[in-house]
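Data first, discussion second: the structure below is written as structure tokens.
The values are calculated or read from the model by the stated rules, or taken from the named source; none is laboratory data. In this text, all values refer to a predicted model and were calculated from it rather than measured experimentally. Every residue, glycine among them, receives a Cβ derived from its backbone with ideal geometry; neighbour counts consider all protein chains shown. Only protein heavy atoms, including side chains, enter the accessible area calculation; ligands, DNA and RNA are left aside. Shrake-Rupley method; radii C 1.70, N 1.55, O 1.52, S 1.80 Å.
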Amino acid sequence: MTSVSAAVGGSVPWRAKLRGYLALTKPRIVELLLVTTVPTMFVAKGGVPSVWLMLATVVGGSLAAGGANAVNMVVDQDIDRVMQRTKQRPLVTGVVTPRAALVFAVTLEVLAFVELTLAVNLLSAVLALAATAFYVFVYTLWLKRTSSQNIVIGGAAGAVPVLVGWAAVTGHLAWPPLLLFALIFLWTPPHFWALAIRYREDYRAVEVPMLPAVRSVPQVARQILAYTLALLVVTGLFAWDAHMGVLFGVVAGLDGLGFCWLAWRLLARPSTERAMAVFHASISYVTVLFAAMALDTVVRIHW
């Protein structure tokens with residue numbers, strides 16, 4: 001493991017530095033965002049979008065999200081040094097300097113805006129940039145350290161990729177992408193709170209008022225269940241408004257009920273283990289839901 005002292009001495013191997021820059025972008029989060037972007041493009045097109053358009057949108061969206069995540073690490077380096085979950089991040093270990101990380105982040109944002117404007121359209125570029133601004137200024141710099149509703153409001157930034165995907169195909173917005181925005185907006189709190197239950201002592205140590213750090217686990221579990229139930233309603237509204245088929249209806253229904261059952265299970269007997277089951281299920285839930293959207297769209301075209 002590269003140490004801070006090694007980094008200061010300038011002896012960081014180039015491969016370690018490259019891994020550090022990649023880690024700044026939080027690849028797993030970027031991957032999850034793209035899981036929602038591409039299927040949305042299928043629904044917007046009413047079929048299979050151009051491969052080049054999908055590629056251009058994915059590249060631009062990845063650059064924008066990666067830049068936002070890098071800025072987040074620059075801002076949060078003080079608490080990352082304390083939290084067990086984040087002690088090995090590149091700014092903490094010294095693999096990447098704060099100044100270099102900030103330059104890297106700004107560069108990614110500029111590249112994202114230019115690439116999306118030229119290869120996709122201006123609306124998608126503006127939406128991606130707006131998501132970054134919201135994530136950095138509203139969530140990271142303001143709400144994260146001041147409000148227990150930080151992830152509820154700040155999570156809106158993670159819902160923007162569906163708008164970007166729709167705008168990339170159509171050049172405008174409509175009710176279906178707005179409902180998908182609402183869906184991801186409602187999905188984010190139970191997803192993140194379930195993980196935060198496990199790391200609630202970390203958040204208490206750095207005085208970040210994430211809900212599980214300032215409320216009891218049963219109270220958080222009630223909130224998680226409420227949001228998962230709301231997801232069922234919004235999913236139904238989307239299916240109706242976007243004229244989705246039976247395949248999507250069946251998969252979405254079973255997917256949503258399974259997610260709600262795990263949330264109810266957590267409320268019935270709160271524990272870290274059950275909270276982590278909800279967290280892992282939340283990732284599967286959104287992946288299956290959006291994959292079903294794309295598959296349903298393709299199936300209805302050919303059959």
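Below is a table of values for the structure above.
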quantity: The stretch 170-187 residues that are under 12 Å from residue 41 (Cα atoms) and assigned to a helix (DSSP H, G or I), paired with ones that are of a type in the set (Lys, Arg) and open to solvent by 50 Å² or more (accessible area, probe 1.4 Å) (beta carbon under 9 Å, 6 or more apart); calculated: 170/45
quantity: Flag if residue 289 is under 23 Å from the mean Cα position of the chain (by Cα), buried (at least 20 other Cβ atoms within 10 Å of the Cβ) and not in a loop (DSSP other than H, G, I, E, B); calculated: yes
quantity: Members of the stretch 124-158 found to be in contact with a Leu (Cβ under 8 Å, 6 or more places away or on another chain) and under 28 Å from residue 54 (Cα atoms), listed by number; calculated: 124, 125, 127, 128, 154, 158
quantity: Looking only at the stretch 189-207, and only at residues there that are open to solvent by 20 Å² or more (accessible area, probe 1.4 Å), without any contact (Cβ under 8 Å) to a residue 40 or more places away in the chain and touching a helix residue (DSSP H, G or I) at 6+ places or on another chain (Cβ under 7 Å), the one that is farthest from residue 233 (Cα to Cα); calculated: 204
quantity: Residue list for the stretch 35-51, restricted to those being open to solvent by 20 Å² or more (accessible area, probe 1.4 Å), of a type outside the set (A, V, I, L, M) and either in a helix (DSSP H, G or I) or in contact with a strand residue (DSSP E or B) (Cβ under 6 Å, 6 or more places away or on another chain) (or both); calculated: 42, 45
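This table checks each residue for (1) part of a helix (DSSP H, G or I); (2) at pLDDT below 95; (3) crowded, with 19+ Cβ neighbours inside 10 Å.
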| residue | (1), (2), (3) |
| --- | --- |
| 6 | yes, yes, no |
| 30 | yes, yes, yes |
| 33 | yes, yes, yes |
| 53 | yes, no, no |
| 60 | yes, no, yes |
| 63 | yes, no, yes |
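This table checks each residue for (1) without any contact (Cβ under 8 Å) to a residue 60 or more places away in the chain; (2) out of contact with any helix residue (DSSP H, G or I) (no Cβ under 9 Å at 6 or more places or on another chain); (3) surrounded by fewer than 15 Cβ atoms within 10 Å (Cβ to Cβ).
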| site | (1), (2), (3) |
| --- | --- |
| 209 | no, no, no |
| 231 | yes, no, no |
| 242 | no, no, no |
| 249 | yes, no, no |
| 267 | yes, no, no |
| 284 | yes, no, yes |
| 295 | yes, no, no |
